[in-house]
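Since every read-out is calculated from the coordinates, none of them should be taken as a lab result. It should be emphasised that the depicted structure is a prediction, and the values quoted were computed from it without experimental measurement. Every residue, glycine as well, gets a Cβ built from its backbone with ideal geometry; the counts of neighbours run over all protein chains shown.
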Amino acid sequence: MTEVVTIVVSSATGALGAYLGALWGSRQQARRTIDERIHDSRMRLYKDIWKKTSIMPRRPKTTTITYGRIAQLGVELQGWYYEEAGMYLSHESRPKYSDLQDAIEAVRQHNNEDKPLSDSDYELIRSAASDFRATLTKDLLSRNRPPTGKKWA
């Protein structure tokens, strides 16, 4: 009788373990699929914003950017955020986006649209854009080694 109980308990434990393992594996696979889809969407969306914010490089400094162009950039960023990309920003990227918009708003409000940016205003916005882009690379893991530990091809 005890042998029968042992066999039944062992079988039930094995079946439960197999079931829970399959459930866990299925959950992990679903999570990987979601992560891959988010990464693919971010890759597409972040390329666009990378180009938009490239108008203010560190080197060589662009001397033809006007306050009007910066106001236009703010509108472009807002469209990018609300039309498709905002929901894909990570918890780390969203505040950097907001910091960039705040910098644009701060310099836009008190200057003539046709006037070139002052050096200090240029640096304020350039730095905020750079910080935002750096955080986007963290979202994409594009400046890290791949999970395998090998170098990217």
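The dipole here belongs to the chain: it is taken about the Cα centre, uses +1 on the Cβ of Lys and Arg and -1 on the Cβ of Asp and Glu, and is about 720 debye. Nearest 10 degrees is fine. How inclined is helix 93-108 to the longest principal axis of the chain, computing both from alpha carbons? Result, in degrees: 10. With kT/(6 pi eta Rh) evaluated at 20 °C and eta = 1.002 mPa s, and Rh the Kirkwood radius from Cα pairs, region 86-148 diffuses with a coefficient of 163 µm²/s according to Stokes-Einstein. Counting lysine pairs in the chain that sit 8 or more residues apart in sequence, or on different chains, and whose Cα atoms lie under 27 Å apart gives 21. Built from the Cα atoms of region 45-120, the convex hull projects on average onto 5.2 nm², one quarter of its surface area. Counted residue by residue at 0.36 nm each, then reduced by the alpha carbon distance between them, the extension gain from Glu123 to Leu16 reaches 32.4 nm. Counting only Cα atoms, the size of the chain along its three principal axes is 94, 32, 21 Å, in decreasing order. What is the helix-to-structure angle for 2-52, meaning the angle in degrees between its Cα long axis and the longest Cα principal axis of the chain, kept from 0 to 90 and rounded to the nearest 10? The two axes meet at around 10 degrees.
In the chain, a dipole from Cβ-located charges (positive for Lys and Arg, negative for Asp and Glu) runs towards its positive end, and of Asn144, Pro95, Thr62 it is Asn144 whose Cα lies farthest in that direction.
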